[in-house]
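To start, the structure itself, in structure tokens.
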Amino acid sequence: MSLQLGLRANLAQFSLLVAVNALVGGVLGQERAVLPLLAKDEFGLTGYTFVLTYVIAFGLTKAATNYFAGTWSDRFGRRPVLLAGWLAAIPVPLMLIWAPSWGWVIAANVLLGVNQGLTWSTTVIMKIDLAGPSRRGLAMGLNEAAGYIAVAVTALATGYLAAHYGLRPAPFLLGLSYVVLGIGLTVFAVRETREHARLEATQHPAAAEGMPSDREIFTRTSLREPALSAASQAGMVNNLNDGLAWGLFPILFATAGLSVAKIG
């Protein structure tokens with residue numbers, strides 16, 4: 001069967017990847033409502049700077065992994081990188097369930113950063129591969145919508161689980177189920193999309209010039225091209241806001257007397 005670009009031609013795989021990225025978002029969402037309260041109630045952490053160490057550990061690791069995810073997906077294939085990201089997530093909910101100290105939580109968030117950097121980035125790349133040049137924006141939008149809706153829904157669900165069964169282990173068992181399902185779909189249902197990207201590349205004369213180096217990509221997106229630089233800056237600010245909200249809002253709401261279910 002010959003390869004084709006476009007959403008309609010690849011609807012089944014595209015829809016599957018939307019579902020996979022919803023699971024990726026769910027793995028992140030398992031921490032949203034619960035972890036700041038866990039820091040306060042079970043580990044006795046009161047300083048905001050100390051509590052936010054897990055957000056910093058996650059952010060730095062995810063940023064570094066994001067940077068290499070594209071190169072690795074070209075070198076090794078999209079599907080192996082996606083699977084590697086899911087495998088990195090296996091210990092995360094288990095470490096959060098059994099963590100005897102805050103250091104375990106920080107280590108779990110380093111692995112979570114690897115997971116999110118590899119899986120989220122790769123699902124974006126795979127959808128763009130399938131959609132082709134005319135529907136890249138729509139592919140990206142559907143990917144982000146699925147991921148962040150799943151973050152929100154899982155934060156809501158874990159809040160209710162924590163209210164009824166305690167902060168551990170019930171909320172993180174939901175995250176573990178997402179990881180198991182994500183691995184299963186990646187192994188048995190997701191197909192490689194790298195050849196779709198190569199097909200598109202043959203349709204562009206500029207492809208003959210070769211790929212730009214990592215250094216050139218960095219300078220283009222960060223400094224030289226205004227549109228890309230602005231997008232990068234906006235993305236950084238958006239993620240900074242999100243990280244601060246993740247760490248601070250649950251504690252603020254708990255201080256105001258909200259239950260964990262309402263915080264979720």
Open item on the list: When only alpha-carbon atoms are used, what values of Rg and Dmax, in angstrom, describe the stretch 56-207?
Closed with: 17.2, 60
TODO: Keeping all protein chains in place, calculate the accessible area per residue for the chain (probe 1.4 angstrom), answer in Å².
DONE: 50
TODO: Considering only HIS164, HIS204, HIS196, give the residue with the highest GNM mean-square fluctuation for the chain, with springs between Cα atoms whenever their separation is below 10 Å.
DONE: HIS204
- [ ] Set Lys and Arg Cβ to +1 and Asp and Glu Cβ to -1, take the dipole of the stretch 44-158 about its Cα centre, and tell me which of ALA84, SER134, ILE56 lies farthest positive.
- [x] SER134
Open item on the list: Please report, ordered by residue number, every helix of the chain (full DSSP H runs) that is 20 Å or longer along its axis going by C-alpha atoms and whose mean Kyte-Doolittle hydropathy reaches -0.5.
Closed with: 11-29, 53-76, 102-131, 136-165, 170-188, 226-255
Open item on the list: Just to be sure I understand: with springs between alpha-carbon atoms less than 10 Å apart, which residue in ALA230, ALA19, ALA197 has the highest mean-square fluctuation in the Gaussian network model of the chain?
Closed with: ALA230
TODO: Apply the Debye scattering formula to the chain, with a single equal point scatterer on each alpha-carbon and no solvent, then give log10 I(q)/I(0) at q = 0.08, 0.11, 0.12, 0.15 Å⁻¹.
DONE: -0.34, -0.63, -0.74, -1.09
TODO: Counting helices only, and only those DSSP H runs with n ≥ 4, report the 222 nm mean residue ellipticity of the chain as the sum of -39,500 (n - 2.57) divided by its residues, in deg cm²/dmol to the nearest 500.
DONE: -25000 deg cm²/dmol
Open item on the list: What is the distance in Å between the Cα centroid of the stretch 1-64 and that of the stretch 146-188?
Closed with: 10
Open item on the list: Can you find, among LEU174, ALA227, THR186, the residue sitting farthest towards the positive end of the charge dipole of the stretch 145-235, where Lys and Arg contribute +1 and Asp and Glu -1 at Cβ?
Closed with: LEU174
Task: Cα convex hull of the stretch 143-264 - mean projected area over all directions, nm² - done: 11.4
Task: Convex hull per residue volume in Å³, alpha carbons only, for the stretch 1-71 - done: 123
Open item on the list: Under 19 Å between alpha carbons, and skipping anything fewer than 8 positions from LYS262 in its own chain: which lysines qualify?
Closed with: LYS40
TODO: Would you work out the charge dipole size for the chain about its Cα centre, treating the Cβ of every Lys and Arg as +1 and the Cβ of every Asp and Glu as -1, and quote it to the nearest 20 debye?
DONE: 260
TODO: Using the Cα centre as the reference, give the magnitude of the dipole from point charges on the C-beta atoms of the stretch 128-264 (Lys, Arg: +1; Asp, Glu: -1; all else neutral), rounded to the nearest 20 debye.
DONE: 300
Task: Computed FRET value (nearest 0.05) for THR71 with ALA256, which takes r as the C-beta separation and R₀ as 51 Å - done: 0.65
Open item on the list: Counting only protein heavy atoms and a 1.4 Å probe, tell me what percentage of the stretch 16-65's accessible area is made up of carbon and sulfur.
Closed with: 69
TODO: Give the whole-number value, in cubic angstrom per residue, of the convex hull volume spanned by the C-alpha atoms of the stretch 137-186.
DONE: 62
TODO: Return the single residue from PHE249, PHE76, PHE58 with maximal mean-square fluctuation; model: Gaussian network over the chain, springs between Cα atoms under 10 Å.
DONE: PHE76
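The values are calculated or read from the model by the stated rules, or taken from the named source; none is laboratory data. Quick caveat, the model's predicted, so the values are computed rather than measured. Cβ sites come from the backbone with ideal geometry, for glycine too, and all protein chains shown count toward neighbours. Ligands, DNA and RNA are stripped out before the accessible areas are found, and what is left, the full protein with its side chains, is counted by its heavy atoms. Shrake-Rupley method; radii C 1.70, N 1.55, O 1.52, S 1.80 Å.
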